[in-house]
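Read through the structure below, which is laid out as structure tokens, and then see the notes.
Readers should treat all values here as calculations from the given coordinates under stated rules, not as data from a laboratory. On a predicted model such as this, the values are computed, not experimentally measured, just so you know. Because the Cβ atoms are built from the backbone with ideal geometry, glycine has one as well, and the counts that use them run over all protein chains shown.
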Amino acid sequence: MWGDVAIAFLLAFIVTIMATPYTIKIAKKIGAVDIPKDKRRMHKKEMPKFGGPAVILGFLISTIYLLIVMSMEGTINLLGIIVMSIICIIDDIKTIKPITKLLGQILAAVIAVSFGIRIDAVTIPFLNVPEMNEIISIILTIGWIVGVTNAINLIDGLDGLSSGISVISAISLLIIFVLNGSPLISIILVTALAGALVGFLPFNFAPAKTFIGDTGSNFLGFSLSIIAILGMAKTYTAAVIVLPLIVLGLPIFDTIWAIVRRLIKGKSIKAIFKADKGHLHHKIVARGFSQKQAVLILYGISATFGIFAVILLDSGIWKALSFLLMVIVALGLGYKNFQGEKSDTQMYECIECKYIYNPKYGNEKAGINPGTSFEDLPDNWVCPVCGEGKDMFEIHQ
């Protein structure tokens, strides 16, 4: 088995690292370039955003090669990946509406379900959960696939963030699958995905030479969601059912909070599709950390989730909780030494109307006294010009 795992990783790594420079050239020719046309974007120059096909190519060549060589039984649903890729390639070249992209994600999920990808059992400790009927199974599976796909896509806001978190998640799932005795196909798939991402990261980590784009981030979320189902198939240990949820906890939490935040702020379903600067990576950068520091912090949080899930499976809930407690204590003791550089005189600019909040003058009409730093403003404070909330402000350069 370990020989196959090594082949899956190395072949995907080599194909991706060799293919990525070509995708950079192709991106410039076909117009798949991200232009920093608004202040919400963290980069300041045009950037190719067509790295996804290189990752997909590395993953597919590695997987198909092993399927042929090993003559493994069963098939992998590639049609859903193809549908997802086509829609996102169009989005990378010519931006499409969020609702259109969502419908494409749902279609890809439905295709995956039609090929037999199902969450067909959920076990909760100390509770007798009735057997899941087919309709609930289908709805739950589609919701999981679409949810994880969007979670990875939405967290793709800094150089190397979504690809790095996906590597950490893939490695965590690999360890869990091996410990759990999961089907070999799931182990091969997650290893190939990790290898492809490690081959792409040198081009994507700050300062990035290319972005993974919607094609890549949607592929990562779609693949991770399906691989997690395959790895948990026919497993009835209570803890194992929730392990993929824990491993992907960071992007899932960020997405749920984004939905809640936008609903409260916009007071309509349409508001969910409106981009903002309220994601975790935006908040960390706003506190004075560099993009690279913010990415490494989020890597650490994601790794903590992954290690927690592994310990939970291997050693039980109490050892996992004791590990988490030690991490929290360590963070609490060292927090002040690792805060970003910020100043009470730092000004912030609204990305919508360009209003600049200056702590020196405050906002007396809203009851904000002079000398009040941006971080100390009430959560419900809004831009006095256009009415946007704090999450739509960024550090004024």
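As a rough footprinting exposure proxy, the listed residues Ile175, Ile188 were ranked by other beta carbons within 10 Å of their own, and the order from fewest upward is Ile175, Ile188. Within the chain, which is the longest segment that contains none of the GluC sites (Glu not before Pro) sitting in a DSSP loop with at most 10 other Cβ atoms within 10 Å? Between exposed loop sites, the widest span is 132-340. Simple rule: put +1 on each Lys or Arg Cβ and -1 on each Asp or Glu Cβ in the chain, find the dipole, and look at Ser172, Gly147, Met232; the Cα lying farthest toward the positive end is Gly147. Using C-alpha pairs under 8 Å with a sequence gap of at least 6, the mean separation divided by the residue count of the range 348-395 gives a relative contact order of 41 percent. Above 31 Å, the calculated P(r) of the chain contains 40 percent of its Cα-Cα pairs. Helical runs (DSSP H, four residues minimum) scored at -39500 (n - 2.57) apiece and divided by the length of the chain put the mean residue ellipticity at 222 nm at -20500 deg cm²/dmol.
Taking Cα centre as origin and charging only the Cβ of basic (Lys, Arg, +1) and acidic (Asp, Glu, -1) residues, the dipole magnitude of the range 348-395 rounds to 220 debye. Ranking of Cys353, Cys383, Cys88 by neighbouring Cβ atoms within 10 Å, starting from the fewest: Cys353, Cys383, Cys88. Per-residue Cβ neighbour counts within 10 Å put Trp381, Trp318 in the sequence Trp318, Trp381, beginning with the fewest.
Relative contact order of the chain, taken over Cα pairs closer than 8 Å and 6 or more residues apart, is 19 percent.
Relative to the Cα centre, the charge distribution of the chain, modelled as +1 at Lys and Arg Cβ and -1 at Asp and Glu Cβ, gives a dipole magnitude of about 980 debye.
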